[in-house]
Amino acid sequence: MRALARLVARADGQGGTVLVELHGETPLLLRQTPSEGGVATVHVVGGAAGPLAGDDLRLDIEVGPGAAVRVHSVAASVALPGRPGAVSRMAVRAVVHGGAALHWLPEQLVAAAGCAHLAESRVELAAGASLRWRDELICGRYGEAPGGAVVHTQVDYAGRPLLRQSLAVGPHAPGWAGPAVLGGAPATGSLLVVDPSRPPEAATADGSVARLPLAGGPATLWTATAPDAHTLRAHLTV
Amino acid sequence: MAASSLLLLLADGRFPAGAHAHSGGLEAAVAAGRVTDLASLEAFLVGRLATAGLVGAAFAAAAHRAAVAGAVDPADPARSAARSRALARLDAELDARTAAPTLRAVSRRQGRALLRAGREIWPHAPFGDLPTGRPGGAHQPLVLGLLCAAAGLSRTETATVSAYATVTGAASAGVRLLGLDPYRVQALLVGLADACDGTAADAARAADDPPERLPAAAAPLADIHAEVHATWEVRLFAS
């Protein structure tokens, strides 16, 4: 399946946000839900199982100056095998203008056995934009080894590179489960917080989660590994 | 023949750039109980090669590309300005791939040590085009790329020096930290030689891509281990 969804938000001039464009295609459907405190809230509703290998899904988001949007999903997405040799792809492109805020807080991505999935996010933040971007990856359903999955994140702030990371798991990613990468943890993820009003924070870490101030802008990355999705969410809720 | 000896000299752990002081994250992984024996050391090295090893080698290869591109005269001012821009861009891109501030600082510290050796040995190499605005100096792979270009190594040889150092440094730290049999560890490195060459070849190819598309392979535990290690009061290795 191929699907293109698009979300465009603008400030309404009275402290709120209006969604001037909101449309999706099965299986990538967008639904506006009640907003909280001037933040427009949208849920991504999976209109079909998957993504299945061969699916090509794309979501474009634009948040205009001063607008604020929060995006959730109603359920975890489970990347599944499809046609032999095919790859499923979920590409998210987001542009966030000055004074605007985007909260991207979807449910987990589960890499099921035999899947071949690429989750690719590209975010452009203008100077003065805010972002909260969470990615959570569960390596296999319960008791199962995952197929191939790559979670690629590319974020620029004010025209400078802020974050580039590409986490690969599965049979084509050498050493991914070993002690240099995930140490056998079936759940991993990160939360990127970009907030120009927040004072810089020092790095901290314990055995499975770290808070990392980034070099390219007013940003902090939380990165974690966990024994399960629930613990991971607790690490990445700040 | 000369090129081969230079390749060996630059890849040698005795090259005076302080590499022996670093364990490549192994000391923290051992303390966390994640690396305990030869098998888990191998898994560590394989994962490190595919992540930090690939990224470092690709940036060394890209810096080598910036060093040798263009005019014949390396001191040509227009050429020097173009090289400065390319290296500054690579520096920012490598920062964006190094989320842990401790690892950024370690890379710059190792870059500084390598630069000291490079300036003495190849005084006419264009080290002056490395970005200077950053406290702490230039990232190690950038310095390595310029240094290997000055030595006349090819781009692939440059990537090989970089990838090789990521595994051998951590492997010899493994001998010291875990008291492993050095023959067995050496055999393990022999077994990884093909993977190391493959990583170097991938890195050299990737250097043709624009900087934002260079490899960005991430390893959550490398970031976590590095920040935990930085808080220790007593440690055997600097990283």
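The values are calculated or read from the model by the stated rules, or taken from the named source; none is laboratory data. Just so it is clear, the model here is predicted, and its values are computed rather than measured. Glycine also receives a Cβ, built like all others from the backbone with ideal geometry; neighbour counts cover every protein chain displayed. To get the accessible areas, we keep the full protein, side chains included, count just its heavy atoms, and leave off ligands, DNA and RNA. Shrake-Rupley method; radii C 1.70, N 1.55, O 1.52, S 1.80 Å.
Could you tell me whether the stretch B:45-66 includes any residue that is open to solvent by 40 Å² or more (accessible area, probe 1.4 Å), over 22 Å from B:PRO182 (Cβ atoms) and more than 9 Å from chain A (Cβ to nearest Cβ)? Checked the stretch B:45-66: at least one residue is open to solvent by 40 Å² or more (accessible area, probe 1.4 Å), over 22 Å from B:PRO182 (Cβ atoms) and more than 9 Å from chain A (Cβ to nearest Cβ). Restricting attention to the stretch A:176-185, the residues that are facing chain B (nearest Cβ under 7 Å) and open to solvent by 20 Å² or more (accessible area, probe 1.4 Å) add up to 2. Within the stretch A:187-234, count every residue that is assigned to a helix (DSSP H, G or I) and within 17 Å of A:GLN165 (Cβ to Cβ). Qualifying residue count, the stretch A:187-234: 1.
Do the conditions hold for A:LEU167, that is, is it within 13 Å of the chain's Cα centre (by Cα), within 29 Å of A:ALA215 (Cα to Cα), within 14 Å of chain B (Cβ to nearest Cβ) and surrounded by fewer than 21 Cβ atoms within 10 Å (Cβ to Cβ)?
no
Just one of the listed residues (A:ALA75, A:ALA100) is open to solvent by less than 20 Å² (accessible area, probe 1.4 Å) and more than 28 Å from B:ALA219 (Cβ to Cβ), namely A:ALA100.
Candidates in the stretch B:33-44 are the residues that are among the aliphatic types (A, V, I, L, M) and part of a helix (DSSP H, G or I); of these, the one that is nearest to the other protein chains (Cβ to nearest Cβ) is B:ALA43.
The number of residues in the stretch A:32-52 being exposed (fewer than 15 other Cβ atoms within 10 Å of the Cβ) and among the polar types (S, T, N, Q) comes to 2.
Checked across the stretch A:195-205, the condition of being within 8 Å of chain B (Cβ to nearest Cβ), within 19 Å of B:ALA222 (Cα to Cα), open to solvent by 20 Å² or more (accessible area, probe 1.4 Å) and not hydrophobic (A, V, I, L, M, F, W, C) holds for at least one residue. What number of residues within the stretch A:135-164 satisfy the criterion of being open to solvent by 10 Å² or more (accessible area, probe 1.4 Å), among the hydrophobic types (A, V, I, L, M, F, W, C) and either in contact (Cβ under 8 Å) with a residue 60 or more places away in the chain or within 8 Å of chain B (Cβ to nearest Cβ) (or both)? Residues that pass the stated criteria total 1. Just need a number here: residues in the stretch B:205-214 that are surrounded by fewer than 24 Cβ atoms within 10 Å (Cβ to Cβ) and either within 12 Å of another protein chain (Cβ to nearest Cβ) or small (Gly, Ala, Ser) (or both). Result for the stretch B:205-214: 6.
Among the residues making up the stretch B:26-47, those that are closer than 16 Å to B:VAL106 by Cα and out of contact with any Lys or Arg (no Cβ under 7 Å at 6 or more places or on another chain) are B:LEU26, B:ALA28.
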